Structures are given as structure tokens and as C-alpha cells.
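Q: I am attaching a structure below and will ask some questions about it afterwards.
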Amino acid sequence: MTQAEPYHHAVIGRALKIIDAEGPALSLDGLAARMGMSPAHFQRVFSQWVGVSPKRYQQYLTLDNARAMLADRFTLLDTAHATGLSGTGRLHDLFLRWEAMSPGEFARGGAGLTIAWAFQPTPFGEALVMATDRGICGIGFTSECTRDEAMADLTSRWPKASYVESATEIAPLAEAAFTGGEARLHLIGAPFQIKVWEALLNVPTGHVTTYSEIAGAVGHPKAVRAVGTAVGRNPISWLIPCHRALRKTGALGGYHWGLPVKRALLAWEAARADAADAPGARRTGT
């Protein structure tokens, strides 16, 4: 990560939030001025991070776009798993390895674990990132809550663990997570939750699925409500892409860290997927 990139992370995070809140009436000149940048410089930085211009990005924040994604980029999870789509689609832009805590370890509430943590800038605003020596175990966004609330939320999942603030340890993990580098995950959850989170990993970038599809993929087609709860309890936002789960109607459904964040994540991915699919586009990953 270059010296300018943390600053650009913060700029883009603020810009995404403003675009989401104020909609299509917002001008490029006005937005650039609020970012303290010239229009040309802001558009160049924004397009570099998001893949499209700020004006084009606004179109990806609408409910109509979620419905279009459901119609055009819907992923059948059984097919995705059988054909290896999770490897060629979901992981084409991210080297991801994960391992899960055993049920016995989970039942002990994290006893004996040391979890490092730090607040880090991301393209979607600030995030609290946590990791064990086996990999990232928690990512929570703070744009719709306070730092204290995000900390209380994640630490309550593993109440007997020891927590140590360590920006030195977390910064390179966060960089990999949000710039397409190699990321290791340590999934800490109940067995059913982990099955649901594993199913989410089969949804490729720029695609979506439904809660009922996930229920079928984990072998419990009638357990849609339980699946929704497990999706909401996903502790590793972004890398385990619970934001890609929609209702059958195309409605966004809920999102643990706030619907504005979910819209931003989906819009970001849809914009970059479309840009990559455009004729003559050079595929470079995210």
C-alpha cells in the first residue's frame, strides 16, 4: 500500500456515503469540493478504486440494480459448488484460505485464544478488523455505529478470548483483505453457521443469491429463517460476502452493519464486474 492509499481509502469511504445519502442530484464538482480535491483528480481516484465514474456509480445504488442483479447475476449455489465456480469466480480476485474452529473450541467461547485488533480504513469506511494467529476472524464496519458498539458486538461473540490492540499485526491483513491479496480466515462459529458462511463463499464477486438458495445449499431447504440469522451473525464482513444474500423479491433484506454499507458493497462489486466485462476491458482483479 502506497503512502497515499490510506488517504484514498478514507476519501472514497466518505464519498460513497455521501453519494448514497444524497443521490443523483449531487454534482461531480460539488462532491470533489467536499473531498478537498479538484474534480479531475477526484474522478481519477474514484474511478481507480471503484472502476466507474461517480455519476455511473450512483446508478448501482438503486433498488432497481439489486433486482437486476437478482435477474442477471443470480448464482445457483449447488451449481457453483459442483462446477468449482467458487474457485474461478469468487476467488479470481482474492487468494482466500480458511479453517474453522472445532465445535468444542467454539463452545468454550474463545477461551485460550488471543485476538489482535485494530481500526483500519477501507473503501467502505472505517472497519474494526480482528485476527487470531490462524487468520482474520472478524471485520465490522463502523460507518453506521460507534467504535465502541462495533467492539462490543465482535468481542461478545468470543467472550472468553484475550484481546490485544495491534495495528502492526492487523494492518497488513486488512490491506490484503481489501486490495485482493492473500487472506487467511479463521471461522469461529457454531457448525450450522459455518456451513452457511461456507455457502456464501461460493457466491462469486458481482453476483448475488437468495436466503432460500443458501438454505437448500446447506441441506436445510425449509430453514430460511435460521439461515437468515446465521447470515446476520457472520463475523467477517466483506470476505464472507453476506451482503450478496437478497430476498427473492430483490429487496436487500437486512445487513448487520447497516443497509447503506450493504448498498455500497453491492454497488462497488457490480460496478467493477460490469467494468471488467466491458469490451476491451483489461482484467486486473480488484
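The values are calculated or read from the model by the stated rules, or taken from the named source; none is laboratory data. The structure displayed is predicted, hence computed values, not measured ones. Note that each Cβ is placed from the backbone with ideal geometry, even for glycine, and that neighbours are counted across all protein chains shown.
Q: Looking at the range 203-239 only, could you name the residues that are under 14 Å from the mean Cα position of the chain (by Cα) and not in a loop (DSSP other than H, G, I, E, B)?
A: Val208, Val231, Gly232, Ile236
Q: Then there is this: Checking Arg272 against (1) modelled with pLDDT of 80 or more; (2) buried (at least 19 other Cβ atoms within 10 Å of the Cβ), which single condition isn't satisfied?
A: Evaluating Arg272 over (1) modelled with pLDDT of 80 or more; (2) buried (at least 19 other Cβ atoms within 10 Å of the Cβ) leaves (1) as the failure.
Q: Might you check whether a residue that is part of a helix (DSSP H, G or I) and modelled with pLDDT under 75 occurs anywhere in the range 26-46?
A: no
Q: Hey, another quick one. Scan the range 127-177 residue by residue and report those that are part of a loop (DSSP other than H, G, I, E, B) and β-branched (Val, Ile, Thr).
A: Thr142, Thr146
Q: For the range 192-203: of the residues being surrounded by fewer than 24 Cβ atoms within 10 Å (Cβ to Cβ) and of a type outside the set (A, V, I, L, M, F, W, C), which is nearest to Arg272 (Cα to Cα)?
A: Here the residue is Glu198.
Q: Same structure again: Collect the residues in the range 239-260 that are buried (at least 23 other Cβ atoms within 10 Å of the Cβ) and touching a His at 6+ places or on another chain (Cβ under 8 Å), keeping them in residue-number order.
A: Across the range 239-260, the qualifying residues are Cys242, Arg244.
Q: Looking at Ala107, Ala116, can you tell me which residue is farther than 25 Å from Arg244 by Cβ, hydrophobic (A, V, I, L, M, F, W, C) and at pLDDT below 90?
A: After ruling out the rest, the residue left standing is Ala107.
Q: I'm told Glu165 meets every condition in (1) more than 17 Å from the chain's Cα centre (by Cα); (2) closer than 15 Å to Pro241 by Cα; (3) of a type in the set (D, E, K, R) except one. Can you identify the failing condition by its number?
A: (2)
Q: Please enumerate the residues belonging to the range 125-151 that are at pLDDT 95 or above and either outside the structural domain of Ile194 (by TED's automatic domain parsing) or of a type in the set (Lys, Arg) (or both).
A: Passing the criteria: only Arg147.
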